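See below for the structure under consideration.
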Amino acid sequence: MAVTGTETTDTSVTITYTQPVTDDPEDVYATWAYLFSTALESAPNPDQIETLIIICNFEDGEKVRVSSDPQTVKKFLDGEIDAWEFLYKLDMEPLTKGPLIWEG
């Protein structure tokens, strides 16, 4: 994982990073949890943050935007919700159209 950028506004923190496509999905989700917690901890005014955003650039060219509210991240980190509920509450938006399917 390599963080390639961060941006903070009054109400959001965005972290952009590169993700190897060979990583296990559970490792990807763990990375997201780590980045969300880091974003929240590094915000100048964490109480004013409404949205945490990750732009995940996979090495194969695919890109996804993952966002969460800080309360969901805090509940997950505090053990109030499990990993499945955490993932269910994330907003995931593909920013690329996906891999090409070749007819053959």
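The values are calculated or read from the model by the stated rules, or taken from the named source; none is laboratory data. Owing to the predicted nature of the structure, the values given are computational and were not obtained by experimental measurement. Counting neighbours? That spans all protein chains shown, and the Cβs are built from the backbone with ideal geometry, glycine included.
Across region 52-104, which residue is modelled with the highest pLDDT among those that are out of contact with any strand residue (DSSP E or B) (no Cβ under 9 Å at 6 or more places or on another chain) and among the small types (Gly, Ala, Ser)?
Out of the qualifying residues, it is GLY79.
Counting only residues that are of a type in the set (S, T, N, Q), give me the strands (runs of 3 or more DSSP E) lying completely in the chain with at least 3 of them.
In the chain, the matching strands (runs of 3 or more DSSP E) lie at 2-8, 12-19.
For residues that are farther than 15 Å from TYR29 by Cα and small (Gly, Ala, Ser), scanning just region 40-77, find the one that is surrounded by the most Cβ atoms within 10 Å (Cβ to Cβ).
By that ranking, first place goes to ALA43.
Regarding SER12, is this residue within 20 Å of ASP78 (Cα to Cα) and free of Cβ contacts under 8 Å to residues at least 60 places away in the same chain?
no
Look at GLU80 and say whether it is loosely packed, with under 15 Cβ neighbours inside 10 Å, of a type in the set (Asp, Glu) and over 16 Å from ALA2 (Cα atoms). Step through it out loud before you land on a result.
Numbers: loosely packed, with under 15 Cβ neighbours inside 10 Å: yes; of a type in the set (Asp, Glu): yes; over 16 Å from ALA2 (Cα atoms): yes.
Taking the combined requirement at face value, the residue satisfies it.
Determine whether region 73-90 contains at least one residue that is in contact with a Leu (Cβ under 8 Å, 6 or more places away or on another chain) and of a type outside the set (Asp, Glu).
yes
Of all residues in region 1-26 being surrounded by 16 or more Cβ atoms within 10 Å (Cβ to Cβ) and under 16 Å from ASN57 (Cβ atoms), which is farthest from the chain's Cα centre (by Cα)?
Taking the candidates together, the pick is GLN19.
Has region 27-38 got at least one residue that is of a type in the set (Phe, Trp, Tyr), surrounded by 15 or more Cβ atoms within 10 Å (Cβ to Cβ) and over 12 Å from the mean Cα position of the chain (by Cα)? Write out each step before concluding.
Step one: list which residues in region 27-38 are of a type in the set (Phe, Trp, Tyr), which gives 29, 32, 34, 36.
Applying the additional criterion that residues be surrounded by 15 or more Cβ atoms within 10 Å (Cβ to Cβ) yields 29, 32, 36.
Next cut, over 12 Å from the mean Cα position of the chain (by Cα) only: none.
Checked region 27-38: no residue is of a type in the set (Phe, Trp, Tyr), surrounded by 15 or more Cβ atoms within 10 Å (Cβ to Cβ) and over 12 Å from the mean Cα position of the chain (by Cα).
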